[in-house]
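The values are calculated or read from the model by the stated rules, or taken from the named source; none is laboratory data. None of these values were measured; they are calculated from a predicted model. Cβ sites come from the backbone with ideal geometry, for glycine too, and all protein chains shown count toward neighbours.
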Amino acid sequence: MDAEVVMIPYPAQGRINPAAAFAESLALHGLRVTLTTTISLSETATFHHSSITIHPLSDGHEQVTQPETLEAYLARLKANLSRSLAAFLDECGQVKAVIYDSAMPWVLDIAHERGLLGATFFTQPCSVTAVYYHLGQGLLRFPHNQDSTVNLPALPPLRPHHLPLFAHLDEPRITLDLVAHQFDNLERADWIFFNSFYKLESQVLDWMARIWPVKTVGPTYLLLQKSKRSVSNHIINLFESKQDEACQKWLDAKGSGSVVYVSFGSLASLQKEQMEELAHGLAMSNCPFLWVVRASEMDKIKNLDLEKGLVVEWCHQPHVLAHSAVACFLSHCGWNSTLEALSHGVPLVAMAREYDQPTNAMFVEDVWGFGIGVRAGEDGIVSREEIAMRVKQVVEGDEGIELKKNASKWKSLAHEAVEQGGTSATNIDEFVSAQRKIE
Ligand code: UDP
């Protein structure tokens, strides 16, 4: 294998997409780039043509006979990937740098032991990373009082419901450990990359720059969109999108700026009751809607009236967001979805669930001003009335005009960052030149 740079994403759709886009951009700069996947994922994934080489590594999945806890999964991933990655790097011979997902800091030692540069890649916002850092250092405790405020350097005051949410996950402690470990050896990393751009998070980036030499390279999504080969989809899809043509036709038949696109990403699972409220809320908004409901969630919407909408198990989100019929995106505010909406100037109705999403949603609404958040009731469920009202506010209301204006502003700033001479483009150029200088 003839690779100069090896990119190692954490094996989840939301981590693979930005890594593959970043890898593609490096390849288009003339570097030979290999992106690793796991054998188990590559058996079912679909791959789109790109300039990178994709190489599956063993994550030990074949030994798994029973459902695993997250803790067991992470231990297996580390043990097996460490071994298979080390063997792969030894086989490659010419590798200069390894870029790894920030959730797998142990890759740095594997790189350094072989005299290679190690670069960590954060696929979450800088602001959320700053929150995780303070959590990891024991400098932040989740407040119990809902009226209190958390003040952290370079961030706006955060209310408890704006903080990353782990409480209701099956294994909150393990998830917290995972985010805290991202900083374990950060001071030894040769490069620190973020899928963000300077003007979006300038304050927190200036603060971070005092501690670490951080480089923004995003939105990586736009690097992909700008690639000369015009890769118009994500390079690796872990879910099958069977209804692309139907989706396209359905959108083509709708008026400009009329459709609500609804997706909660690749992981979130909503309660049945919440899915029902969502279906009713969308119907009450009177807007046509395109709703992604993954196969594993489909049972929850059986027997509901979905007449005004098209429901698909997965779609080419880049195509959908680029379509002129789309007026707004009702999103869980996963970081990729947030950046992709912003890159297309599409305003959000923010319905955050867990992890970094509540913080992202707060920034979307209060700091960047291109979306509006839904408010949940005391039982944690967002009612149909609330959903219908927020959708209408964005699609029809005066507020919607302002949100759209802000979305367009962020769209141009995002494009500016990845254009030649832009902050993200310059950081990528710097990394590429540094690689070229290595013998
Ligand atoms: N996505 C897609 N098709 C869909 C739904 C989502 O291609 O039908 C992609 C989307 O474009 C994004 C990723 O899946 O790049 C989801 O990442 P995000 O960070 O938004 O959420 P996560 O899945 O990590 O919760």
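Give me the pairs, please: first residue somewhere in region 53-68 and within 28 Å of residue 235 (Cα to Cα), second residue anywhere and among the hydrophobic types (A, V, I, L, M, F, W, C) and in a loop (DSSP other than H, G, I, E, B), beta-carbon distance under 7 Å, and either six or more positions apart or on two chains.
53/3; 55/1
Quick one: in region 318-331, which of the residues that are near the ligand (Cβ under 9 Å from one of its atoms) and buried (at least 24 other Cβ atoms within 10 Å of the Cβ) is nearest to the chain's Cα centre (by Cα)?
Top of the filtered list is 331.
Conditions (1) within 16 Å of the ligand (Cβ to nearest atom); (2) crowded, with 16+ Cβ neighbours inside 10 Å; (3) at pLDDT below 95, marked per residue:
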site	(1), (2), (3)
353	yes, yes, yes
359	yes, yes, no
370	yes, yes, no
406	no, yes, no
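What residue, of 82, 25, is surrounded by fewer than 19 Cβ atoms within 10 Å (Cβ to Cβ) and of a type in the set (S, T, N, Q)?
Only one candidate passes the filter, namely 82.
Go through the residues of region 431-438 one by one and say whether even a single one is of a type in the set (A, V, I, L, M) and modelled with pLDDT under 95.
Yes; the residues of region 431-438 include at least one that is of a type in the set (A, V, I, L, M) and modelled with pLDDT under 95.
If you take the residues of region 251-297 that are assigned to a helix (DSSP H, G or I) and hydrophobic (A, V, I, L, M, F, W, C), which of them is nearest to the ligand (Cβ to nearest atom)?
If we take residues in region 251-297 being assigned to a helix (DSSP H, G or I) and hydrophobic (A, V, I, L, M, F, W, C), then 295 is nearest to the ligand (Cβ to nearest atom).
Sort through 81, 70, 35, 28 and tell me the only one that's modelled with pLDDT under 95 and touching an Asp or Glu at 6+ places or on another chain (Cβ under 9 Å).
70
For region 252-261: of the residues being of a type outside the set (Asp, Glu) and out of contact with any helix residue (DSSP H, G or I) (no Cβ under 7 Å at 6 or more places or on another chain), which is surrounded by the most Cβ atoms within 10 Å (Cβ to Cβ)?
Looking at residues that are of a type outside the set (Asp, Glu) and out of contact with any helix residue (DSSP H, G or I) (no Cβ under 7 Å at 6 or more places or on another chain), I get 254.
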